[in-house]
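Structure, as structure tokens:
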Amino acid sequence: MKFLLLILPILSSASYAVAGEGTTPRVIPEIRAVRTTQAITIDGMLDERAWQSAPPITDFVQSDPVQGAAPTQRTEVRLLYDDQALYVGARMYDSAPDSIIAELTRRDGITTADFFAVGLDTYHDKRSGFYFGVSAAGTLIDGTFLNDDWTDDSWDGVWEGKTRIDSKGWTAELRIPYSQLRFHESKKIIWGINFRRDIARRNETDQIVYTPKNGSGFVSRFPDLAGIENITPPGRFEVTPYVTTRAEYSHPAAGDPFNSGSKYVPATGADLKVGIGSNLTLDGTINPDFGQVEVDPAVVNLSDVETFYQEKRPFFLEGQSIFDFGNGGARNNWGFNWGSPDFFYSRRIGRAPEGSLPSYDYIDEPAGTRILGAAKLSGNVGGNWNIGTIHAVTSKENAQIQLAGRRSAVEVEPLTYYGIARAQKQFNSGDQAVGFISTFTDRAFDNDNNGLRDQLDSRALSGGIDGWTFLDGDKSWVATGWLGSSRIEGTTARMLDVQTSSRHYFQRPDAKSYHVDSAATSLSGYAGRFRLIKQKGNFFVNSALGFISPGFDVNDLGFVWRNDLINYHAGAGYQWVTPTKYYQQIWTMLAVFGSHNFDGNTIWEGMFQRTEATLPNFYFVSYDVAYNPQTVNNRLTRGGPLALNEPGFQVDASAQSNGKEKWVFGLQGTTYNQKSSNQWDVSSSVVWKPAGNVYVSFEPDFGKVKDFSQWVGAFTDPLAAPTYGSRYVFATLDQTTLSASIRLNWTFTPQLSVQLYLQPLISSGKYHDYKELARPLSYEFNQYSASDVSKQGSEYTVDPDGNGPANSFTFDDPDFNFKSLRGNAVLRWEYLPGSVLYFVWTQSGTDDYNDHGEFHFGSSLHRLINAQFNNIFMVKLTYYLGE
């Protein structure tokens, strides 16, 4: 905390002495669209007479590499409209048309290409909107704007875009139906609008307006689009039914009565989209199938924190930014040892069943909970209220088991309802905003034959408010924050399990601010975070104070990494944004940070410094260093007494070549050293683009960890008085991990593509030098001698005091050798706009033969190659019924 008290006055005084963006915002006259009565054929030709009736828009400037400079090539844009759609025609002149980079990729996959895009602020709220773009090769990109500065490419609209390359350069022609937009209907419609052109070979971006490199705010700078008058857009009703068939081939155990090695599963369902007026959209899905999404990567998690997986399912991905909470107003939200809780983590809906299972010889258990149906309503009401709500129901799930020849069904997941509501209102053109979020989970334990009431929460409710306010007219300083609370309910057995879980550790014997309540039938908590940020100008400031109470728990429908936390940081930095012969841009910062628990113990603190630079050849380099002094550790013993974190330091460095080149190379290294642990990791990336429609990437990663206090277990012993009647056992762990991510994207046309993803993983861990914590609030251990530890088969026995009176205890051999190979291949053909045919192959295989925890690449690779793989083949056909 003394670091914070020292630096805050310095930051405050310095910030007022530094000017803002240093550039005068461009004032652009309104842009006008012209009504057309002529039918426009979307072919990229721009040969209809109506195009000549629209005034050309040519007032582009560079935003990169030299912001504010004149473009190196001329661009002309014209706008037309009718009662169904907005039409955008663009002519991109090019003095060297043979040098145009026409990269053909799957939708939204543009990485290195000449492209053109239009941005639309259809609510005219100066903070949100849509964007639509097309590469010179015809690849479509689209998405949404949010929070004035951010983009989200998860939204896929149904619209048209075509391009042509000729001797003058290239052209783009777009048709954007009103049915894909959300706006307030009126006789005269005013939107915000912007255009962007990228010239890839020059690393050049030209726009009508742009965000200065030392500034913030993008959508709020858009000039007005006028001229759209007296339109009568058609009603919005879209339905996309699907049919799918899946063939699964596996390698069951001999005699498995539930699995013959092959399974064939047909299914059908539908997605629905209905416009409620022009500013609200209802999305629904019935019996959704997500077999076409990429598989999750394999991980080896030895911590006490759940692994967080990214959402990949289209229904939940699309428009997910609506439910973003607590991050509005600020352009950058730093965090040091702070994992901001997610009130809505959509992977909870349809997750794997969590009920325990009795003993069995054979089992047939569902891999996920089936989503019976889900609905999502989103849009804008009452002026500037942005709203979103999701309701979903997942089915009751049973596992079929057989024990000693007798079969039975065991319920592993009850029928469950999930609900979330989000709303946010802006004031004074986005200068202030206030919003709320609420989630609710309810489970029906009818005919519970497996004690699920004692394993899962019966109900869970969470809610919060958030908002921001800019503190000056230039919007340089912003204060943002959020407050939230949670409540879960269940049986006394369930609440006891929750209190002693790794999320809470209420059983910690030296805790002062909480304790286990064995009679509790509910648990409540609160959390919040407040930030003060200067985000315009070359000099910037970022500070925050956050807290998560010991009882806070949103994990029924959200995600919280840890609680019992009070966290702060204060940082500042400077950026050089005017290109020179030495660099394109440099960014550097310094921060101090710290964390406490609710008992007042300092559980983490330190200093962090990072510098990033973009070089004249557009190579990128960065480094960061951090130092952490000795602090208290309240998680090392996993519910036991406090221990200590030894001092340590971390160094990271990375470099990447120009991403616009045919070959792109990247390298990153990390090392962390302290008395309790030494670890390092090296990763690299190679991207090869042998042709304009082929993308290959290879990202290997190799790391080693030597952890001198890896958790083994806690064992009750009344004689262990110094550690409150339990022995907290640790070992030295030598872990080696080698993995890679391999991708191949081959795009034949803008509508037809193949994607391949492959992830091999080899990880080994050897435990040795077993020991126990000697006393609380220390990093001292009583080392077991060789005669104290014996092994028989796969079980260790420890006699902690040799010939003394203490009882011995046992634990399973923790050494591991884990090998995994996961991957899938997806052929995607959009045979009509919005209608898609998928062919999917998914393969996964593992081998966990324990070679005494030693890392042997050759034998591990051999065993992985010869492992038995499960294969899933799927065909899915969707058909879009809409405009």
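The values are calculated or read from the model by the stated rules, or taken from the named source; none is laboratory data. Given the structure is predicted, the values throughout are model-derived calculations rather than measurements. Positions of Cβ are generated from backbone atoms using ideal geometry, with glycine treated the same way; all protein chains shown enter the neighbour counts. For accessibility, only protein heavy atoms count, side chains too; no ligands or nucleic acids. Shrake-Rupley method; radii C 1.70, N 1.55, O 1.52, S 1.80 Å.
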Discussion item. Among the residues of the stretch 158-171, are any open to solvent by less than 40 Å² (accessible area, probe 1.4 Å), touching a residue at least 24 places away in the same chain (Cβ under 8 Å) and more than 26 Å from Asn745 (Cα to Cα)?
Written reply: yes
Worksheet item: Quick one: how many residues across the stretch 241-284 are surrounded by 14 or more Cβ atoms within 10 Å (Cβ to Cβ), under 30 Å from His124 (Cα atoms) and not small (Gly, Ala, Ser)?
Response: 9
Worksheet item: Considering only the stretch 517-537, how many residues are within 24 Å of Gly481 (Cβ to Cβ) and either in contact with a Gly (Cβ under 6 Å, 6 or more places away or on another chain) or not aromatic (Phe, Trp, Tyr) (or both)?
Response: 13
Response to the item:
Going through the stretch 690-704 in order, the residues found to be closer than 13 Å to Gln735 by Cα and open to solvent by 40 Å² or more (accessible area, probe 1.4 Å) are Phe702, Lys704
Practice prompt. Tell me, please, whether a residue that is open to solvent by less than 10 Å² (accessible area, probe 1.4 Å), closer than 27 Å to Gly640 by Cβ and touching a Phe, Trp or Tyr at 6+ places or on another chain (Cβ under 9 Å) can be found in the stretch 748-761.
Written response: no
Practice prompt. List every residue pair whose Cβ atoms sit under 7 Å apart, with the two residues 6 or more apart in sequence or on different chains, where the first one lies in the stretch 639-664 and is over 30 Å from Thr111 (Cβ atoms) and acidic (Asp, Glu) and the second, anywhere, is outside any strand (DSSP E or B) and open to solvent by less than 40 Å² (accessible area, probe 1.4 Å).
Written response: Glu646/Ser676; Glu646/Tyr779
Discussion item. Looking at Val478, Val541 in this structure, which one is open to solvent by less than 60 Å² (accessible area, probe 1.4 Å), closer than 30 Å to Phe427 by Cα, in contact with a helix residue (DSSP H, G or I) (Cβ under 7 Å, 6 or more places away or on another chain) and not in a loop (DSSP other than H, G, I, E, B)?
Written reply: Val541
Fill in: Per-region count, the stretch 762-776, residues surrounded by fewer than 17 Cβ atoms within 10 Å (Cβ to Cβ), in contact (Cβ under 8 Å) with a residue 40 or more places away in the chain and touching an Asp or Glu at 6+ places or on another chain (Cβ under 8 Å)
1
Practice prompt. Could you tell me whether Asp457 is surrounded by fewer than 19 Cβ atoms within 10 Å (Cβ to Cβ) and either part of a loop (DSSP other than H, G, I, E, B) or modelled with pLDDT under 95 (or both)?
Written response: no
Item to complete: From Val682, Val687, grab the single residue that is under 25 Å from the mean Cα position of the chain (by Cα), exposed (fewer than 15 other Cβ atoms within 10 Å of the Cβ) and in a strand (DSSP E or B).
Response: Val682
Discussion item. Being in contact with a Gly (Cβ under 8 Å, 6 or more places away or on another chain), in a strand (DSSP E or B) and aliphatic (A, V, I, L, M) is the filter here; which residues of the stretch 205-250 pass it?
Written reply: Leu225, Val239
Worksheet entry | Every residue from the stretch 732-788 that is within 23 Å of Pro700 (Cβ to Cβ) and of a type in the set (S, T, N, Q) | Gln735, Thr736, Thr737, Ser739, Ser741, Asn745, Gln755, Gln759, Ser763, Ser764
Worksheet item: Considering the stretch 322-377 alone, what residues qualify as being of a type outside the set (Asp, Glu), open to solvent by 40 Å² or more (accessible area, probe 1.4 Å) and not in a loop (DSSP other than H, G, I, E, B)?
Response: Ile322, Arg347, Tyr362, Ile363, Leu372, Leu377
Worksheet entry | Residue identified as in contact with an Asp or Glu (Cβ under 9 Å, 6 or more places away or on another chain), over 30 Å from Asn824 (Cα atoms) and free of Cβ contacts under 8 Å to residues at least 40 places away in the same chain among Asp707, Asp734, Asp681 | Asp707
Item to complete: Having 2 or more residues that are touching a Ser or Thr at 6+ places or on another chain (Cβ under 6 Å) and within 30 Å of Asp466 (Cα to Cα) is the bar; report the strands (runs of 3 or more DSSP E) wholly within the stretch 395-440 that clear it.
Response: 415-427
Discussion item. For the stretch 95-130: of the residues being crowded, with 23+ Cβ neighbours inside 10 Å and of a type in the set (Asp, Glu), which is nearest to Thr171 (Cα to Cα)?
Written reply: Asp114
Worksheet entry | Members of the stretch 511-537 that are out of contact with any strand residue (DSSP E or B) (no Cβ under 8 Å at 6 or more places or on another chain) and over 25 Å from Gly463 (Cβ atoms) | Ala511, Lys512, His515, Val516, Ser518, Ala519, Lys536, Gly537
Worksheet entry | Residues satisfying the stated conditions in the stretch 796-821, i.e. open to solvent by 80 Å² or more (accessible area, probe 1.4 Å) and within 20 Å of Asn850 (Cα to Cα) | Asp812
Worksheet, complete the sentence: Within the stretch 458-496, the residues that are more than 30 Å from Asn214 (Cβ to Cβ), aliphatic (A, V, I, L, M) and without any contact (Cβ under 8 Å) to a residue 60 or more places away in the chain are Leu461, Ile465, Leu483, Ala493, Met495, Leu496
Worksheet entry | Only listed residue being open to solvent by less than 10 Å² (accessible area, probe 1.4 Å), on the phi < 0 side of the Ramachandran plot and at pLDDT 95 or above, chosen from Phe183, Phe195 | Phe195
Discussion item. Of all residues being of a type in the set (Gly, Ala, Ser) and in contact (Cβ under 8 Å) with a residue 60 or more places away in the chain in the stretch 806-820, which is farthest from Ala731 (Cα to Cα)? Just the residue, please.
Written reply: Ser820
Worksheet item: Can you spot a residue in the stretch 455-476 that is of a type in the set (Phe, Trp, Tyr), in contact with a Lys or Arg (Cβ under 8 Å, 6 or more places away or on another chain) and at negative phi?
Response: no
Worksheet item: When the stretch 42-80 is examined, which residues are found to be of a type in the set (S, T, N, Q) and either in contact (Cβ under 8 Å) with a residue 40 or more places away in the chain or open to solvent by 80 Å² or more (accessible area, probe 1.4 Å) (or both)?
Response: Gln52, Gln62, Ser63, Gln67, Thr72, Gln73, Thr75
Worksheet item: Would a scan of the stretch 460-475 turn up a residue that is open to solvent by 60 Å² or more (accessible area, probe 1.4 Å) and aromatic (Phe, Trp, Tyr)?
Response: no
Fill in: Within the stretch 131-140, considering residues that are open to solvent by less than 20 Å² (accessible area, probe 1.4 Å) and not in a loop (DSSP other than H, G, I, E, B), the one nearest to Phe325 (Cα to Cα)
Phe132
